[in-house]
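A short write-up of the structure that comes next.
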Amino acid sequence: MKSRTDLKDKFIGTFIGLSLGDALGAPYEGGFIERFLWKFFSKTPTGKMRWTDDTQMSIDLAESILKKNTIDQNYLALKFASSYKWSRGYGPAASKVLKSISKGVSWKVANRQTYKEGSLGNGGAMRSPILALIYSQNHDLLAKEITKATQITHAHPQAIEGAVLVGKTVSLALNNIDTIRIINMVLKYSNTEIFKKKAELSLKWLEDNLDISPKEVSKNLGNGIKAADSCITAIYLGLRFRSKSFNELIKFTRKCGGDVDTLCSMSGSIWGAFNGFNNIPKELFDDLEDANRIKSLACNLYKTKIQILEKIN
Ligand code: R7I
Ligand code: MG
Ligand code: MG
């Protein structure tokens, strides 16, 4: 692997890692029916690998930050809603929220229409790496902004907890923090028992450098659509494969089954934050839908970040 990775390269790596993970994982998501259906949507008209809601909502979030310089929840809610297309494979509750917002319902009402406490799906976590790019210098602010961006569609505390943990991991990866220190911090930041237990197990596996099989990973950490069944899994995978190749990460994660696009997307962004764009295979980038648009968004986020850092210093 190429060794030198500067911050700009890590920004691109995080966003491209997220989108590529999504597109490479999507054909392996769910059961027979989901996989069969995806065959009809898996390519763009020009033959590129198509991504799903995970990337669409991350693009929406990035464009919204670049436009507003902050998280403007009302603006972001409308942006999410206007990008909605059922063929991107949004979760059922998320689809309802976005359709309601399009009809003029406030996001504060729409996000509790299906579940009283709000959705506990991983739809907030899958876009939180974008916020890590902008707010990695301040962990409290990062958690606050992730909460704001998540609750528009996912008000449940578990969805927010998962999103904060994924975002914090990306932020620590951008700063090249040691693996064991990262997983210890994830454990420290976990609030609920379900996240804590999974973080504890990941710590043990990583400390002992164990060669856990995909089946065992899914059984113990989860591979489902709920934040509590996928966020720690993706964090563990991103950390375990940080010194291996991007292809090895994707190959292993595909075998974990379940919500594969989101597991590959979240772990892919963590991997990209560690290793940068330079270490992502060029042929995969060339084969990705809107690859240059995503790269250019990452470059613009980097410019915004530099301006923020200059203001602080
Ligand atoms: O979280 P969300 O946006 O889904 C994202 C996933 C990702 O894997 C995407 O790639 C896409 O494939 O979908 O979607 P939601 O619809 O908000 O939540 C996903 C599912 O979690 C729901 O359809 C429910 O099955 C479940 N769920 C809940 N079940 C019980 N009680 C979410 N919240 C609850 C709940 O409170
Ligand atoms: Mg998806
Ligand atoms: Mg998914």
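Given the alpha-carbon gyration tensor of segment 181-313, what are the semi-axes of its equivalent ellipsoid in whole angstrom, ordered largest first, with each equal to the square root of 5 times an eigenvalue?
Numbers: eigenvalues 147, 80, 37 Å².
So the three semi-axes of segment 181-313 are 27, 20, 14 Å.
Please give the per residue accessible area of segment 183-239, computed with a probe of 1.4 Å over protein heavy atoms only, in Å². Can you show the working numbers first?
Values: 2680 Å² over 57 residues.
Normalised by residue count, the accessible surface of segment 183-239 is 47 Å².
For the chain, what % of the accessible area comes from carbon and sulfur atoms, probe 1.4 Å? Intermediate values should be presented prior to the final figure.
Numbers: 6940 of 13390 Å².
For the chain, the apolar C and S fraction of the accessible surface comes to 52 percent.
Which value at 222 nm does the chain reach when only helices count, each DSSP H run of 4 or more adding -39,500 (n - 2.57), with the total divided by all residues and rounded to the nearest 500 deg cm²/dmol?
Values: 17 runs with 205 residues, N = 313.
Dividing the helical sum by the residues of the chain leaves -20500 deg cm²/dmol.
Have a look at Asp211, Asp286, Asp178 and tell me which one the Gaussian network model of the chain (Cα, springs below 10 Å) gives the largest fluctuation.
The residue that fluctuates most here is Asp211.
So what is the relative contact order for the chain, in percent, with contacts set as C-alpha pairs under 8 Å and at least six apart?
Working: 552 pairs, mean separation 98.6, N = 313.
This gives 31 percent for the chain.
Can you tell me the convex hull volume per residue for the chain, based on C-alpha atoms, in Å³ to the nearest whole number? Intermediate results must be reported in sequence, preceding the final value.
Values: hull volume 37.5 nm³, N = 313.
Expressed per residue, the convex hull around the Cα atoms of the chain is 120 Å³.
Per residue, what accessible area does segment 67-157 have, given a 1.4 Å probe and all protein chains present, in Å²? All intermediate terms of the calculation are to be shown ahead of the outcome.
Details: 4090 Å² over 91 residues.
Heavy-atom accessible area per residue stands at 45 Å².
Ile33 versus Cys299, label points 7 Å from Cα toward the beta carbon: distance in nm?
So the label points at Ile33 and Cys299 sit 4.4 nm apart.
Please compute the length gained on full extension between Lys282 and Lys67, using 0.36 nm multiplied by the number of residues separating them and subtracting their Cα-Cα distance. Write down the numbers at each step before the final one.
Values: separation 215, 0.36 × 215 = 77.40 nm, distance 2.95 nm.
Result for the pair: 74.4 nm of gain on full extension.
For the chain, modelled as a Gaussian network with Cα springs under 10 Å, which listed residue fluctuates most, Glu161, Glu34, Glu289?
Highest fluctuation of the listed residues: Glu34.
Once the other residues with Cβ under 10 Å from the Cβ of Asn220 are scored (Lys, Arg +1; Asp, Glu -1), what is the net sum?
On the way: positive: Lys197, Lys198, Lys215, Lys219; negative: Glu216.
Once positives and negatives cancel, what remains is +3.
Given the alpha-carbon gyration tensor of segment 224-292, what are the semi-axes of its equivalent ellipsoid in whole angstrom, ordered largest first, with each equal to the square root of 5 times an eigenvalue? Don't skip to the answer; put the middle values down first.
Numbers: eigenvalues 82, 37, 21 Å².
The answer is 20, 14, 10 Å, longest axis first.
The values are calculated or read from the model by the stated rules, or taken from the named source; none is laboratory data. None of these values were measured; they are calculated from a predicted model. We place every Cβ from the backbone using ideal geometry, glycine too, and count neighbours over all the protein chains shown. Only protein heavy atoms, including side chains, enter the accessible area calculation; ligands, DNA and RNA are left aside. Shrake-Rupley method; radii C 1.70, N 1.55, O 1.52, S 1.80 Å.
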